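Trainee: One structure, as structure tokens, below. Some questions next.
Bear in mind that the values in this text are calculations on the coordinates, not laboratory data. None of the values given here were measured: they were computed from a predicted structure. Reconstructed Cβ throughout: ideal geometry from the backbone, glycine too, with neighbour counts over all protein chains shown.
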Amino acid sequence: MRVLITGGAGFLGSHLADRLLAEGHSVIAMDNLITGSTDNIQHLIGRADFTFIRHDVTNYIYVSGQLDAVLHFASPASPVDYLKYPIQTLKVGALGTHNALGLALAKRARFLLASTSEVYGDPLVHPQREDYHGNVNTIGPRGVYDEAKRFAEALTMAYHRSHGLDTRIVRIFNTYGERMRLDDGRVVPNFIGQALRGEPLTVHGDGSQTRSFCYVSDLIEGIYRLLMLPPSEDASLPINLGNPLEMSILDLAKIINEMTGNPSGITFRRMDRIEGDPQRRQPDITRAQALLGYQPTVSLQEGLARTIAYFRSRVSVTSPSCHA
Ligand code: UDP
């Protein structure tokens, strides 16, 4: 297959590129690099089966030649990033999705949308199944991301129903691993960066809020299986992917401090918790298990160990915050 990945220089986009190339497909990665980085795809540059195009997909997308699949992964995805880029986040979810769908239609390519557990908002139903419609505050600080992705899902289904386009929607739950940015604000890189610098971990609120963390290779496996699934009505309906192992943010902080031997403990930052920060989040992956035979296999200890090793080489021991 010849595959376009929007957001191809991002955390998930670059891992997907690696996986597709390893399976013998060719990849065009497109990214405007506002939150992605060419560091993530440096090792692929120069390969005959890989092309990088710097482009903002909120503008018309031109790709010459045949395309078999369009994977739409372009978007700021961490709360800190989408608060910094609220309009870009809305535009890439709306205009970017429209352009990517239009391209897929013109090429008669399969389309896969990277959606999110944020479509469930601060959920009132637990764990979250795909048929739960969510609890989103349209005008809250997270609304820019949540509504962009909800619109993107609606537009994807409209293209599927009106144009018969072969589409897939994956709702991605918290995922971590190599190539996250140390400064992207998400809890795993934040905590590991702080721990490696010997600083206290900044737990927002009282840390009782929960998340369920999936290691990146498990998520990529699920996405690849979904992409390869033969077309059917079921394949086109949204599907949760993540790891159902739920834990509190406070417990995550304790585990990271223990694994890194950080002596500085934890500091509680009540004011740093962003309004609408979901209190509980856990995927129900029954549908993914049935449809894809999906089952995460990497334990939290193992995934964190790999991620810590990756960040260790990136955290400067002489960084100013170390002496603050
Ligand atoms: N969080 C935290 N300390 C940090 C960063 C995040 O306690 O330094 C909390 C945040 O308030 C949220 C959870 O960790 O409850 C997960 O946040 P993240 O930004 O990783 O993603 P989210 O799941 O909220 O989209």
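Trainee: Within 10 Å of each residue's Cβ, count the other Cβ atoms and sort Arg161, Arg273, Arg150, Arg287 from fewest upward. Intermediate results must be reported in sequence, preceding the final value.
Mentor: Details: Arg161 11, Arg273 16, Arg150 22, Arg287 19.
Going from sparsest to densest Cβ surroundings: Arg161, Arg273, Arg287, Arg150.
Trainee: Okay, moving on. Tally Lys/Arg at +1 and Asp/Glu at -1 over every other residue whose Cβ is under 15 Å from the Cβ of Gly7; what's the total? Can you show the working numbers first?
Mentor: Numbers: positive: Arg19, Arg54, Lys91, Lys149, Arg179, Arg181; negative: Asp18, Asp31, Asp39, Asp56, Asp81, Asp184.
Result for the neighbourhood of Gly7: 0.
Trainee: Which value in nm describes the separation of the simple spin-label points at Gln289 and Arg161, placed 7 Å from the Cα toward the beta carbon?
Mentor: Going from the Gln289 label point to the Arg161 one covers 3.0 nm.
Trainee: Could you work out [θ]222 nm for the chain from helices alone, using -39500 (n - 2.57) per DSSP H run of at least four and dividing by all its residues? Round to the nearest 500 deg cm²/dmol.
Mentor: Working: 12 runs with 119 residues, N = 324.
Result for the chain, helices only: -10500 deg cm²/dmol.
Trainee: Thinking of the chain as a set of Cα atoms, what percent of all their pairs are more than 28 Å apart? Mind dumping the intermediate values first?
Mentor: Details: 19639 of 52326 pairs.
Beyond 28 Å sits 38 percent of the P(r) for the chain.
Trainee: Next question, about the same structure. Given a Förster radius of 25 Å and the C-beta distance between Glu302 and Phe268 as r, what FRET efficiency does 1/(1 + (r/R0)^6) yield to the nearest 0.05?
Mentor: Values: r = 29 Å, r/R0 = 1.14.
The value I calculate is 0.30.
Trainee: Here is a follow-up. How large are Rg and Dmax for region 103-222 when only the alpha carbon atoms are used, in Å?
Mentor: For region 103-222, the Cα radius of gyration and maximum Cα-Cα distance read 17.2, 55 Å.
Trainee: Okay, moving on. If you project the alpha carbons of region 183-312 onto their three principal axes, what span does each projection cover, largest first, in Å?
Mentor: In descending order, the Cα extents are 52, 32, 22 Å.
Trainee: Moving on to the next point. Taking 0.36 nm per residue of separation and subtracting the Cα-Cα distance, what length does fully extending Ile139 through Thr38 add?
Mentor: Details: separation 101, 0.36 × 101 = 36.36 nm, distance 3.33 nm.
Extra length available between Ile139 and Thr38 comes to 33.0 nm.
Trainee: Counting only DSSP beta bridges with both residues in the chain, what percent are antiparallel, rounded to the nearest 5? Please list the in-between numbers first.
Mentor: Working: 3 of 38 bridges.
Here the antiparallel bridges make up roughly 10 percent for the chain.
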